[in-house]
Amino acid sequence: MKALYDVPAPAKLNLFLHVTGRRPDGYHLLQSVFLLVDWCDTLHFELRSDGLVSRKDSGITLPDDDLCVRAARALQVACGSSAGVHIALDKTIPVQAGMGGGSSDAASCLLALNRLWQLGLSVPQLEKIGLSLGADVPFFLRGRNAWVEGIGEQIHPLDLPGARFAVVKPPQGLASAGIFADPQLKRDTAPAIISGFAANADGTFPFGFGHNDLQPVAQRLCPAVTHAIEWLGAQGLQARMTGSGSAVFAQLPQGQALQPAPAGWLARECGNLAVHPLKGWAASDDFGGGSGS
């Protein structure tokens, strides 16, 4: 095997995001449901025999040490591998959007190189490497929609119904660190339970549950988040921010199409995925299915 082409890296939406506390080391305790959607980056991998890791961007230009490159180098170190790789990345998921694009790229990179370099690592082994790159990487490695808790390390798979979503990213982005450091961030939302999420019966099952605690801070720091929410609201859609923003989303009723977005905005109609397209690319990756309580 010398190359792998057209390897997808899907984005995620946070259906809600509650901050339930803060650990003594400063890390925030969260609860969320992560939903895979069909807005994907695409990666291509070609084996290098010189041990080097190189990357070419065919979409958004990324820093030289982006998460893909860091994932490849971390995998080399962890396995003592002398193999190298050239990565071509077609980046379509917007950055600083709260959609997990960088973490998803890193996870797809670990899964692809595990196969290209014939390492034979399991998902739990890849997770140990992925967690050093970002808290969301293990979610993408596991490959299922999930209820996520703690600092992102507690992952419980969920089965969710199919739906369509309007996803909108204004030109401005948001850095997570600034939001989590803000003194006005609400950090004491009462913990929820999975059965409470599953039993949601307000007519938007299950996508209208909860809220995003980061959204008020994000709206103050980036007024474009409010503009995006209002733009979707003018179309009769109930929108909220995903992750740490600045992208916002709303469930699209059957038959309703998204209006053309303002100039400079990115807007897509997305469907959720039942499983990650690369599920099964690594051994021992069955962490169970279904919703719990």
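No lab work stands behind these numbers, since they all come straight from the coordinates. Remember, predicted model here, so these are calculated numbers, not experimental data. So basically every Cβ, Gly included, is an ideal-geometry build from the backbone, and we count neighbours across all protein chains shown.
My understanding is that a pair violates if its Cα-Cα distance is over 21 Å; which of Lys12/Lys279; Lys91/Lys169; Lys12/Lys56; Lys56/Lys91; Lys169/Lys279; Lys2/Lys56 do that in this structure?
Lys12/Lys56; Lys169/Lys279
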Measuring from the longest principal axis of the C-alpha atoms of the chain, the long axis of helix 223-233 (C-alpha) lies at a number of degrees, nearest 10, equal to 70
Between the modelled labels at Met1 and Ser54 (7 Å from Cα along Cα→Cβ) the distance in nm is 2.3
For the chain, the dipole about the Cα centre with charges only on Cβ (Lys and Arg +1, Asp and Glu -1), to the nearest 20 debye, works out at 80
Convex hull around the C-alpha positions of the range 3-157: the volume in Å³ per residue is 109
D (µm²/s, integer) via Stokes-Einstein for the chain, Kirkwood Rh across alpha-carbon pairs, 20 °C, 1.002 mPa s: value 110
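Using only Cα atoms, what Kirkwood radius does the range 164-271 have, in angstroms?
Over the range 164-271, the inverse of the mean reciprocal pair distance is 14.8 Å.
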For the chain, longest principal axis from Cα atoms; helix 101-116 axis from its Cα atoms; angle between them, nearest 10 degrees, is 30
Rounded to the nearest 10, the angle in degrees between the Cα long axis of helix 67-79 and the longest principal axis of the Cα atoms of the chain comes to 50
So for R0 = 22 Å, FRET eff. of Asp65-Ala88 from the Cβ-Cβ r, to 0.05, ends up at 0.85
Rounded to the nearest 0.05, FRET efficiency between Gln238 and Tyr27 (Cβ-Cβ, R0 35 Å) equals 0.70
Placing each pseudo-label 7 Å from Cα in the direction of the beta carbon, Gln118 and Ser132 end up separated by a distance in nanometres of 2.5
Amide H proximity to Arg144 below 5 Å, modelled H, separation 5+ or other chain, gives His276
